[in-house]
Amino acid sequence: MTELSPEDALEVEADRRRRVTAAFRLGSEASPRAAGLSARGQLAAGMAIAVAIALIMAVVALTRPH
């Protein structure tokens with residue numbers, strides 16, 4: 001690794017601090033709701049899963065020999 005002059009080392013450190021500060025700023029501005037489904041979407045997904053399970057159970061019950 002090459003040695004940096006004191007001015008270059010200060011510039012590199014200042015750049016790193018700017019990047020870290022910008023990352024924290026972006027992180028604090030992020031909306032927690034943006035990443036997932038809304039409450040209605042979660043409810044609809046749960047209902048769809050329940051209906052799919054019920055259909056599978058009905059098909060298994062109807063095709064099972066007596």
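The values are calculated or read from the model by the stated rules, or taken from the named source; none is laboratory data. Bear in mind the structure is a predicted one, so any value in this text is a computation, not a measurement. All Cβ positions, glycine included, derive from the backbone under ideal geometry; neighbour counts span all protein chains shown. These accessible areas exclude ligands, DNA and RNA; they are computed on the full protein's heavy atoms, side chains included. Shrake-Rupley method; radii C 1.70, N 1.55, O 1.52, S 1.80 Å.
When you check ALA50 against the structure, is it assigned to a helix (DSSP H, G or I), open to solvent by less than 100 Å² (accessible area, probe 1.4 Å), at pLDDT 90 or above and out of contact with any helix residue (DSSP H, G or I) (no Cβ under 6 Å at 6 or more places or on another chain), yes or no?
It is true that ALA50 is assigned to a helix (DSSP H, G or I), open to solvent by less than 100 Å² (accessible area, probe 1.4 Å), at pLDDT 90 or above and out of contact with any helix residue (DSSP H, G or I) (no Cβ under 6 Å at 6 or more places or on another chain).
What about LEU10, is it assigned to a helix (DSSP H, G or I), at pLDDT 90 or above and surrounded by 10 or more Cβ atoms within 10 Å (Cβ to Cβ)?
yes
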